[in-house]
Amino acid sequence: MPAVKVLSVAVSSRARIQQDKDAAIELANAFDHKRDVPRDCRLGVLLRIALPRLQGSDLTLQDTEDALDLSIAYLRRVHLFSFYNGCVAASNISDVFRGNNATSTIHLRLANADIILEQTQNPGSTAKQEQSPKVDLLVQHLNDAIENALEESKSWDSSGPAYLVSTEIDSQAKDIEKDEARTEDVWIKNHAVIDSDGRARCSFHFCRKLFKDITFLKKHLLKKHPEFLKAERAKSHDTYMMESWDKQEQRPVPPILVDCGRVFSTVPSRVLGAVEPMAADPEPELWKRQEERRKQDEGGKARYERNYDNHNQLSNHGGPPAALNQPLLEPRGPRQNGFLDVDDMHEEKVEMAFEDVEVQVKPPKKKKKKLL
Ligand SMILES: [Zn+2]
């Protein structure tokens, strides 16, 4: 979920809209060009469709604001670029989704910004002097960021080839595409049974349809059994995904739970590492801290012993944790953290003793023969 943030009064001001719109469109155009976005999907085309009045003479301030908002949304969604958050871009989409990137934030403009600005600037010249440096600083930061981003984008035009993500990823994507095309050819050949007269039969055992030739069968296979091809094509991505996963330092996986014995129960630990993923065992550190706490307690041992019984009684009601009263070198065993799982089946041994039990054995009743 993206975070939603309301822009400051000065940034929300209508006075900024025109200049911000021009800057956002210029940035989007530069990104579109750099990443070779298909012509009919570029921001310029989208703006012409969404806001036809933009080029005309009957342009309203609302149109300009809409164009700015559309450009900012486009920059964020297409180029992972945050306009209001310091003009920075995320390098990958997962950072945006995880919410730890500037691009994860959606900005809203303050509706009554101009009214607030007027109110704060009107009452007396002294108040104005106090207010303006702070506001100027925030706006100045944004202006600088926009200017820097525009400056940087200008260098893209003249230098370097266009690429979508990065040259490395782009070349890998091309390799995958080639491999997928190869896979498709092989898959079609493997699923065609060609007769001596050139007719082709679908080799799926539940289908077995016959076609005039391989061209018709190819169409049939792609249209009627695409899910099998999809599974086959997906295999082309496996190696690349695995390599990329291995290279990552910070893996976007939840922390694993490490069993730290009955005293500490399960403790979450982050999964780290590049080629060899690893998670630190938190138990030694926990014991160390436990030991330090115990040493601190030894100072007040007499008091501790005096209150020992009380501690035991209070341990479940805000007193020291029960773990403090247990011996340090507990063997790891089944956890006892007070949680009772009602669905957990326990095997209990029940010994049956029959020696002293008097069992009265009734003599079997004699069956009466039914009289017919
Ligand atoms: Zn078929």
Which pairs have Cβ atoms under 7 Å, sit 6 or more apart or on different chains, and link a residue in segment 66-86 that is surrounded by fewer than 20 Cβ atoms within 10 Å (Cβ to Cβ) to one that is assigned to a helix (DSSP H, G or I)?
Asn85/Ala102; Gly86/Ala102; Gly86/Ala145
For segment 181-194, state whether one or more residues are within 30 Å of Ser13 (Cα to Cα), acidic (Asp, Glu) and at pLDDT 85 or above.
no
Residue in segment 220-237 that is in a loop (DSSP other than H, G, I, E, B), free of Cβ contacts under 8 Å to residues at least 40 places away in the same chain, within 16 Å of the ligand (Cβ to nearest atom) and outside the structural domain of Ile93 (by TED's automatic domain parsing) present
yes
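Select from segment 193-206 the residues that are in contact with a helix residue (DSSP H, G or I) (Cβ under 7 Å, 6 or more places away or on another chain) and within 10 Å of the ligand (Cβ to nearest atom) and list them in ascending order.
At the first step, the residues of segment 193-206 found to be in contact with a helix residue (DSSP H, G or I) (Cβ under 7 Å, 6 or more places away or on another chain) are 194, 200, 202.
Once the filter is applied, which keeps residues that are in contact with a helix residue (DSSP H, G or I) (Cβ under 7 Å, 6 or more places away or on another chain) and within 10 Å of the ligand (Cβ to nearest atom), segment 193-206 yields only Cys202.
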I'd like the residue in segment 207-219 that is out of contact with any Phe, Trp or Tyr (no Cβ under 9 Å at 6 or more places or on another chain) and hydrophobic (A, V, I, L, M, F, W, C) and, out of all such residues, is nearest to the ligand (Cβ to nearest atom).
Cys207
Scanning for something touching a helix residue (DSSP H, G or I) at 6+ places or on another chain (Cβ under 9 Å), within 16 Å of the ligand (Cβ to nearest atom) and charged (D, E, K, R), does segment 253-274 turn up at least one residue?
no
When residues of segment 21-40 are limited to those that are over 17 Å from Ala89 (Cα atoms) and modelled with pLDDT of 90 or more, the one least open to solvent (accessible area, probe 1.4 Å)
Lys21
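Tell me, which helices (runs of 4 or more DSSP H) lie completely within segment 4-68 with 2 or more residues that are of a type in the set (Asp, Glu)?
On the way: elements: 9-12, 17-34, 43-50.
Once the helices (runs of 4 or more DSSP H) in segment 4-68 are filtered for at least 2 residues that are of a type in the set (Asp, Glu), what remains is 17-34.
The values are calculated or read from the model by the stated rules, or taken from the named source; none is laboratory data. This is a predicted model, so every value here is computed, not measured. With ideal geometry, Cβ positions are generated from the backbone for all residues, glycine too; neighbour counts draw on all protein chains shown. Surface areas here come from the heavy atoms of the whole protein model, side chains and all, with no ligands, DNA or RNA. Shrake-Rupley method; radii C 1.70, N 1.55, O 1.52, S 1.80 Å.
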